[in-house]
Amino acid sequence: MTKRLFIKTYGCQMNVYDAARMAELMAPLGYGPAGSPEGADLVILNTCHIREKAAEKVFSELGTIRRLKAARARQGGRMIIAVAGCVAQAEGAEILERAPFVDLVVGPQAYHRLPEMVARAAAAESRQVLDTSFPAEPKFDYLPETSATSPVSAFLTVQEGCDKFCTFCVVPYTRGAEYSRPAEAVIAEARRLAAAGAREITLLGQNVNAYHGAAPPNGSNDGGEWGLGALIAALARIPGLDRLRYTTSHPRDVDDGLVAAHRDVAELMPFVHLPVQSGSDRVLAAMHRRHTADQYRCTVERLRRARPDLALSSDFIVGFPGETEADFRATLDLVRAIGFAQAFSFKYSPRPGTPAANAADQVAEPAKVERLAALQSLINEQQRAFNRSWVGRVLPVLFEKPGRHPGQLVGRSPYLQSVHADVSAERIGEIIPVTIRGAGANSLAGAVLEREVPHSAREDAHQGTSLAVGAPRAEHLI
Ligand code: SAM
Ligand code: SF4
């Protein structure tokens with residue numbers, strides 16, 4: 001490899017997945033991973049549009065990269081700057097205008113064309129390249145096969161885009177219409193990931209349980225479609241894959257097949273991120289969520305009947321236009337009734353181009369702040385109680401990487417809790433029973449239950465590596 005590629009990834013797991021694919025696309029052109037943008041030949045900002053002032057944050061980051069590009073030029077080199085991801089899709093040509101030193105802008109559905117775009121940008125000193133189209137050809141058909149090494153816990157995009165158009169959300173505009181990959185392509189990628197060291201796969205989609213991919217040829221449903229439940233059942237049969245997860249699901253799309261998968265597939269982890277956003281039917285209708293608070297409760301009940309040890313996480317928005325104190329109390333009631341193992345909560349913030357942004361009845365900032373604090377305090381209380389309930393009990397932990405202290409590893413429980421324990425580093429990639437000794441707000445500490453066995457004596461030799469480029473844990477869920 002002669003050229004250095006640095007990718008900075010913001011946002012959700014799908015961006016982490018996309019970053020890995022971009023790195024793989026550029027590898028045949030001689031681009032290898034760089035640990036920092038200084039001196040890189042290609043810098044990609046893989047952006048997220050969900051959080052407030054997303055575009056402004058990207059322009060500010062570009063200011064820093066611009067100085068690095070100038071330093072590179074003074075040394076006689078050339079740094080190509082690319083903006084990818086959802087801000088690229090939303091802002092498009094505006095980025096090239098406001099930041100003329102940016103060489104290319106590519107949307108999430110067009111990044112399979114990155115090598116050609118980089119070549120065009122590299123050939124012309126001053127020509128900027130833009131592609132924010134939603135090409136007719138699905139990008140997945142043009143992406144290279146996943147690489148020879150995989151993290152112990154890998155992401156796999158099975159579905160992309162959204163047709164639901166919740167009135168607060170930019171996703172349908174930045175990621176485009178719903179698309180499901182054929183089941184055969186997903187299974188093939190999962191097999192490669194397992195062979196490369198993955199023991200856990202999280203299936204990704206903006207609306208992952210709206211998955212309706214073409215059934216494999218000669219399968220039991222030849223010519224038809226598979227839902228997410230059927231896909232999960234097939235993936236669970238892949239040797240070496242011990243854990244499956246999916247995110248993010250929509251309450252409307254929890255069908256019988258998915259509930260059956262929670263009942264029948266042991267590899268499917270008993271933890272579901274199921275965003276509800278609000279506990280008030282009035283607000284849910286204004287959000288165009290297509291479900292009521294009671295329907296959400298019933299869906300949770302169906303899931304819990306199928307898998308009694310299931311725990312839940314969710315997303316909430318407080319201060320949506322028109323939300324009254326009574327509406328907010330309904331949200332708190334729902335949280336108390338369900339009991340969450342964890343949850344993400346946000347103040348509503350208007351996104352240009354979305355219907356709710358123009359609503360006249362915006363909630364005042366102080367009320368949003370107060371409601372967010374009250375909701376977070378209740379959620380934190382539930383999270384601490386859930387974590388504490390594990391003290392003295394045993395959880396199987398998939399160890400992923402070294403912990404902060406020497407001799408320590410950190411891994412994940414079935415419920416996505418971080419668990420620290422003293423275990424030798426060679427056991428990264430193993431699922432080991434751990435007795436939980438202590439519980440904090442965000443993590444657990446424990447001791448391995450079994451005696452340490454010399455590595456050579458174990459059949460299982462999965463080794464974990466971290467993602468090669470821009471490999472953060474996602475900042476938030478899709
Ligand atoms: N597809 C998921 C669903 O149906 O709930 C959510 C996807 S969205 C990328 C992640 C979360 O960001 C949402 O669940 C919502 O809570 C939050 N979010 C999205 N737009 C928002 C906005 N305008 N203001 C505040 N929070 C927002
Ligand atoms: Fe689609 Fe989820 Fe956004 Fe609603 S919140 S539009 S379901 S991505």
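The values are calculated or read from the model by the stated rules, or taken from the named source; none is laboratory data. Source: prediction; values computed, not measured. Neighbour counts run over all protein chains shown; Cβ positions are idealised from the backbone, glycine included.
Residues that are in contact with a helix residue (DSSP H, G or I) (Cβ under 6 Å, 6 or more places away or on another chain) and either within 18 Å of Ala341 (Cα to Cα) or among the small types (Gly, Ala, Ser) (or both) within the range 365-396 comprise just one, Leu378. Taken over the range 13-27, the criterion of being within 15 Å of Ala154 (Cβ to Cβ) and of a type outside the set (Gly, Ala, Ser) is satisfied by Gln13, Met14, Asn15, Val16, Tyr17, Asp18, Arg21, Glu24.
Sort out which residues of the range 166-177 are away from ligand 1 (no atom under 11 Å from the Cβ), in a loop (DSSP other than H, G, I, E, B) and not aliphatic (A, V, I, L, M), and write them in order of number. Walk me through it before giving the result.
Pass one, the range 166-177, residues away from ligand 1 (no atom under 11 Å from the Cβ): 173, 176-177.
With in a loop (DSSP other than H, G, I, E, B) added as a condition, the list becomes 176-177.
The one that is away from ligand 1 (no atom under 11 Å from the Cβ), in a loop (DSSP other than H, G, I, E, B) and not aliphatic (A, V, I, L, M): Gly176.
Considering only the range 178-208, how many residues are near ligand 1 (Cβ under 10 Å from one of its atoms) and of a type outside the set (A, V, I, L, M)? Explain how you work it out, then say what you get.
Taking the range 178-208 and keeping what is near ligand 1 (Cβ under 10 Å from one of its atoms), we get 205-208.
Right, trim to of a type outside the set (A, V, I, L, M) and you get 205-207.
Qualifying residue count, the range 178-208: 3.
Just checking, which of Ala234, Ala190 is modelled with pLDDT of 95 or more, of a type in the set (A, V, I, L, M, F, W, C), within 28 Å of Pro144 (Cβ to Cβ) and touching a Leu at 6+ places or on another chain (Cβ under 6 Å)? Talk me through it step by step, then tell me what you get.
Working: Ala234 fails: touching a Leu at 6+ places or on another chain (Cβ under 6 Å).
Residue meeting the stated conditions: Ala190.
Do we have Glu116 as part of a helix (DSSP H, G or I) and without any contact (Cβ under 8 Å) to a residue 24 or more places away in the chain here? Steps first, answer last, please.
Details: part of a helix (DSSP H, G or I): yes; without any contact (Cβ under 8 Å) to a residue 24 or more places away in the chain: yes.
Spelling it out, Glu116 is indeed part of a helix (DSSP H, G or I) and without any contact (Cβ under 8 Å) to a residue 24 or more places away in the chain.
Here Asp315, Asp327 are screened, and the one residue that is within 16 Å of ligand 1 (Cβ to nearest atom), of a type in the set (Asp, Glu), more than 27 Å from the chain's Cα centre (by Cα) and under 20 Å from Phe346 (Cβ atoms) is Asp327. Considering only residues in the range 389-405 that are of a type outside the set (Lys, Arg) and in a strand (DSSP E or B), the one that is surrounded by the fewest Cβ atoms within 10 Å (Cβ to Cβ) turns out to be Val394.
Scanning for something modelled with pLDDT under 95, assigned to a helix (DSSP H, G or I) and surrounded by fewer than 17 Cβ atoms within 10 Å (Cβ to Cβ), does the range 368-376 turn up at least one residue? Steps first, answer last, please.
Start the filter on the range 368-376 by keeping residues that are modelled with pLDDT under 95, which leaves none.
No, because not a single residue in the range 368-376 is modelled with pLDDT under 95, assigned to a helix (DSSP H, G or I) and surrounded by fewer than 17 Cβ atoms within 10 Å (Cβ to Cβ).
Taking the listed residues Pro33, Pro28, Pro37, the one that is under 23 Å from the mean Cα position of the chain (by Cα) and either buried (at least 22 other Cβ atoms within 10 Å of the Cβ) or within 26 Å of Thr146 (Cβ to Cβ) (or both) is Pro33, with no other qualifying. Here Leu312 meets the list (1) touching a residue at least 60 places away in the same chain (Cβ under 8 Å); (2) out of contact with any Ser or Thr (no Cβ under 6 Å at 6 or more places or on another chain); (3) not polar (S, T, N, Q) almost entirely, failing just condition (1). Taking the conditions exactly as written (in contact with a strand residue (DSSP E or B) (Cβ under 7 Å, 6 or more places away or on another chain), more than 16 Å from ligand 2 (Cβ to nearest atom) and touching a residue at least 60 places away in the same chain (Cβ under 8 Å)), does Glu200 satisfy them or not? Spelling it out, Glu200 is indeed in contact with a strand residue (DSSP E or B) (Cβ under 7 Å, 6 or more places away or on another chain), more than 16 Å from ligand 2 (Cβ to nearest atom) and touching a residue at least 60 places away in the same chain (Cβ under 8 Å).
Between Phe386, Phe328, which is within 20 Å of Asp281 (Cβ to Cβ) and either part of a strand (DSSP E or B) or among the aromatic types (Phe, Trp, Tyr) (or both)? The conditions single out Phe328.
Does the range 210-224 contain any residue that is in a loop (DSSP other than H, G, I, E, B), over 30 Å from Arg51 (Cα atoms) and hydroxyl-bearing (Ser, Thr, Tyr)? So far as the range 210-224 goes, yes, one or more of its residues are in a loop (DSSP other than H, G, I, E, B), over 30 Å from Arg51 (Cα atoms) and hydroxyl-bearing (Ser, Thr, Tyr). Mind listing whichever residues of the range 124-159 are under 17 Å from Ala190 (Cα atoms), assigned to a loop (DSSP other than H, G, I, E, B), of a type in the set (A, V, I, L, M, F, W, C) and away from ligand 2 (no atom under 16 Å from the Cβ)? Matches in the range 124-159: Leu143, Ala148, Val152. Out of the residues in the range 160-195 that are acidic (Asp, Glu) and surrounded by 18 or more Cβ atoms within 10 Å (Cβ to Cβ), state the one that is nearest to ligand 2 (Cβ to nearest atom). For the range 160-195, the residue satisfying everything is Glu178. How do the pairs read when you match residues in the range 275-295 that are within 14 Å of Ile338 (Cα to Cα) and within 11 Å of ligand 1 (Cβ to nearest atom) with residues anywhere that are assigned to a loop (DSSP other than H, G, I, E, B) and among the aromatic types (Phe, Trp, Tyr), using Cβ under 9 Å and keeping only pairs 6 or more apart or on different chains? Every condition considered, the pairs that remain are Gln277/Phe168; Gln277/Phe320; Ser278/Phe320. For Ala373, state whether it is among the aliphatic types (A, V, I, L, M) and away from ligand 2 (no atom under 16 Å from the Cβ). When the stated conditions are applied, Ala373 passes them. The criterion of at least 2 residues that are in contact with a helix residue (DSSP H, G or I) (Cβ under 6 Å, 6 or more places away or on another chain) is met, among strands (runs of 3 or more DSSP E) falling completely within the range 1-57, by 3-9, 42-47. The set of residues from the range 239-252 being surrounded by fewer than 19 Cβ atoms within 10 Å (Cβ to Cβ) and closer than 26 Å to Gly161 by Cβ comprises just one member, Arg252. The number of residues in the range 50-91 being within 19 Å of Arg175 (Cβ to Cβ) and either hydrophobic (A, V, I, L, M, F, W, C) or in contact with a strand residue (DSSP E or B) (Cβ under 6 Å, 6 or more places away or on another chain) (or both) comes to 12.
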